[in-house]
Amino acid sequence: TICFNRLPEFADLLLGGVWASFGDVGRLLAAAGGQRDAVVEAARKLLSDELAPQRQKLLVDLLHNLDENILAEHRQDDQKWFEGLESRFKNKSSYMRYSCESRIRSYMKEVSGFISNVHPTARDAYKRIIDLMLEKLKSVKYNGCYFDRREEEEAARLCTVEGWFSCQGPFDSDYCPCKHSINPYSNRESRILFSTWNLDHIIEKKRTVVPELAEAVKTRDGREVNWEYFYQLLFTLDNLKLVHIACHKKTNHNLSCDKTKIYRKRKQTHKISYEKLPRKK
């Protein structure tokens, strides 16, 4: 067992060549014989005296990892995680669900706010579609399940049961080239950093989806707008990708809505021609 009360030796281990052989914090802590508090105290002392940026970063990362409390769920079990949050949030999952709901609500607000750009003759129809979308969103609680690690249906959440999220890569890629991942349930810093991750619309919300919805309502000419298709593009994982800020490309996606899905297909009615029916003898 390593004695972490002896700071000089700990400094050599942490910052010297031996550190590299450990590979990760978990193995270092195992070598520490469970002396977590001693490791934290020693690392903080070293950080206060350290001037080299690279070594400062190493110590900060170590302290960040030591501060994780992933399994804790309730406020009383990880009070640091809840610092700065309203007292109504009693557990981590409820806040994370609220965080996701807030994003989806902001998308709905953008759709509603676009009504001033809709042709005056189409505004009533546009408003009716907004109401239908809002009713559906309320029924699914604004898809807050996407960020809730307690959600039982695996396909309905974007994280593991422990709360790990993985970047899904830029809109034009099937994967994240940098393998970004984060667990906002682990500590306060990760919770705050997760707010910089984006739910990115593959077919862009502002440039494409909302304007095309407005145009569809304007030019419907008796046809029924397939509002559920636009709902899926705006608020569901059919068109949303969770991406790290570095993978969030803000260039024009140059993607358009599926023209075959903008309007509901009319039911085929087969007319019977009585002239062609055989006459009874």
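The values are calculated or read from the model by the stated rules, or taken from the named source; none is laboratory data. These figures come from a predicted structure and were not determined experimentally. Here the Cβ positions follow ideal geometry from the backbone for every residue, glycine too, while neighbour counts run over all protein chains shown. Ligands, DNA and RNA are stripped out before the accessible areas are found, and what is left, the full protein with its side chains, is counted by its heavy atoms. Shrake-Rupley method; radii C 1.70, N 1.55, O 1.52, S 1.80 Å.
Summed over the residues of the range 117-247 and divided among them, the accessible surface reaches 49 Å² per residue at a probe radius of 1.4 Å.
Placing pseudo-labels 7 Å out from each Cα toward the beta carbon at residue 207 and residue 172 gives an inter-label distance of 1.0 nm. Beyond 23 Å in Cα-Cα separation lie the following of the pairs 206/259; 45/80; 141/249; 141/265: 141/249; 141/265.
Using a basic spin-label model with each label point 7 Å from the Cα along Cα→Cβ, how many nm lie between residue 224 and residue 161? If labels sit at residue 224 and residue 161, their model points lie 4.2 nm apart. Per-peptide packing, taken as the mean over residues of other Cβ atoms within 10 Å, places 134-147, 170-183 in the sequence 134-147, 170-183 from highest down. The alpha-carbon atoms of the range 76-194, seen along their principal axes, cover 55, 39, 26 angstrom, with the largest extent given first. Between residue 77 and residue 112, the contour length at 0.36 nm per residue exceeds the alpha carbon distance by 8.6 nm. Residues whose amide H falls under 5 Å from that of residue 181, counting only those 5 or more places apart or on a different chain, are 167, with hydrogens built in the peptide plane. What the phi angles of the range 250-257 give under the Karplus curve with 6.51, -1.76 and 1.60, with θ = phi - 60°, is a coupling list of 9, 6, 5, 6, 6, 10, 10, 5 Hz, glycine and proline written as x. Across the range 131-194, the relative contact order, built from alpha-carbon pairs under 8 Å that are at least six residues apart, equals 18 percent. Per-residue Karplus couplings for the range 180-185, computed as 6.51 cos²θ - 1.76 cosθ + 1.60 with θ equal to phi - 60°, are listed in order as 4, 8, 7, 10, x, 7 Hz, Gly and Pro entered as x. Gain on full extension, evaluated as 0.36 nm per residue between residue 189 and residue 152 minus their Cα-Cα distance, stands at 10.7 nm. For the range 152-195, the gyration tensor built on C-alpha atoms gives an oblate shape. Its axis ratio a/c (a ≥ b ≥ c) is at least 1.5, and a/b is not larger than b/c. The convex hull around the C-alpha trace of the range 122-281, projected and averaged over every direction, spans 15.4 square nanometres. Please state the Cα pair-distance histogram of the range 172-232 with 5 angstrom bins from zero: what percent is in each bin? Percent of pairs per bin, in order: 4, 13, 16, 15, 12, 12, 11, 8, 6, 3, 1.
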